[in-house]
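Okay, so here's the structure we're looking at.
The values are calculated or read from the model by the stated rules, or taken from the named source; none is laboratory data. Just so it is clear, the structure is predicted and the values come from calculations on it, not from any experiment. Ideal geometry is used to build each Cβ from the backbone, glycine not excepted, and the neighbour counts take in all protein chains shown. SASA here: full protein model, heavy atoms, side chains in, ligands and nucleic acids out. Shrake-Rupley method; radii C 1.70, N 1.55, O 1.52, S 1.80 Å.
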Amino acid sequence: MANIKEIAQSLHQAAHQAKPIKQISLAQNLTLDQAYEVQKELIDLRIKEGETLIGLKMGFTSEAKMQQMGVHDLIWGRLTSSMLIPNNNTTARSQYIHPRVEPEICFRISKDINGELNETEVIEYVDAVAAAIEIIDSRYQNFKFSLEDVVADNCSSIGFSVGDWMAVTESLNNLNMQLRIDENTVAEGSSNDIMNNPWKSLAAATRLAAKYGEPIKKGMYIMAGAATNAEFIQANQTASASVHSLGHVTVSFK
Ligand code: OOG
Ligand code: MG
């Protein structure tokens, strides 16, 4: 029998101490449902410490990410208040284990969603979109995990930053997306790389949130998933993501 609470505690502590742990799957087999139970428990631990749930994120919505991490299923995780880093701010590299950054698109939800919506219906529930950057930091050694491991670890979530909110457009297709570290473009893709249409990622979020009983509330941030590989980032580097016509967002590491 998997001990959901114990696993959540060890992942929580790993994040707090910025010290990696061994993959859960090396010692025991969690089912996917159990992995999501661990994730929920992990978030409850954050909420007990005074954080609030501010959004959801989708993962492995692009071929590039699936290839890079060797996991080929859509995943979703939860975003809490301590994860939001204001645009153009600086974050301390020392609080992370082995952080990576990736370019994303973020949606702002304008009314509560209770149930599954398709990619056309969801547009009605969004009042703004923005270029975003996600910082991921697996709690597992060597950033290696199985599907169940990464789900239990809240999909490697640790930080995200969102650029200026822009008006919603029906099409989010064919937008060039770039990730820069300092002066260098380290990854480049298209918004089409996100499930052929980023709105589909939001539709998938509504389906998964409904399935797991997590309502999507007005004001929430929903991250659509990275369009490209994620890249490691070090102290004294600056990461920025740009999405054509949506603008850009920057986070510095000290
Ligand atoms: C898991 C998180 C995946 C994305 O955008 O695809 C993700 C990981 O790669 O560690 O956030
Ligand atoms: Mg991501």
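Set the bar at 28 Å for Cα to Cα. Now go through LYS200/LYS254; LYS40/LYS65; LYS65/LYS111; LYS22/LYS48; LYS48/LYS111; LYS5/LYS211 and name every pair that lies beyond it. Flagged as over cut-off: LYS200/LYS254; LYS65/LYS111.
Which of the GluC sites (Glu not before Pro) found in the stretch 16-66 are in a DSSP loop and have at most 12 neighbouring Cβ atoms, other than their own, within 10 Å?
Values: sites: GLU37, GLU41, GLU49, GLU51, GLU63; in loops: GLU49, GLU51.
Counting only loop positions with at most 12 other Cβ atoms within 10 Å, the GluC sites (Glu not before Pro) in the stretch 16-66 are GLU49.
Could you work out how much longer the chain between GLN95 and LEU32 gets when fully extended? Use 0.36 nm per residue separation minus the Cα distance between them, nm to one decimal.
This chain segment gains 19.8 nm when fully extended.
Annotation note: trypsin sites (Lys or Arg not before Pro) in the stretch 1-60 located in DSSP loop regions with a Cβ neighbour count of at most 15 within 10 Å are LYS22.
Annotation note: trypsin sites (Lys or Arg not before Pro) in the stretch 97-179 located in DSSP loop regions with a Cβ neighbour count of at most 13 within 10 Å are LYS111.
For the stretch 4-253, the spread of Cα positions along the three principal axes, ordered from largest to smallest, is 46, 43, 34 Å. Considering helices alone, the calculated mean residue ellipticity of the chain at 222 nm is -7000 deg cm²/dmol, with DSSP H runs of length four and up weighted by -39500 (n - 2.57) and normalised per residue. Fully extending the segment from SER110 to LYS218 would add 38.4 nm, taking 0.36 nm per residue of separation and subtracting the current Cα-Cα distance. Measuring nothing but how far apart in sequence close Cα pairs (under 8 Å, 6+ apart) lie, relative to its length, the chain scores a relative contact order of 29 percent.
Run the numbers for ASN174 and ALA235: contour at 0.36 nm per residue of separation, minus the present Cα-Cα distance, in nm. All intermediate terms of the calculation are to be shown ahead of the outcome.
Details: separation 61, 0.36 × 61 = 21.96 nm, distance 3.28 nm.
18.7 nm is the gain from fully extending ASN174 to ALA235.
When GLU124, GLU102 are compared by accessible area at a 1.4 angstrom probe, the order from most to least is GLU124, GLU102.
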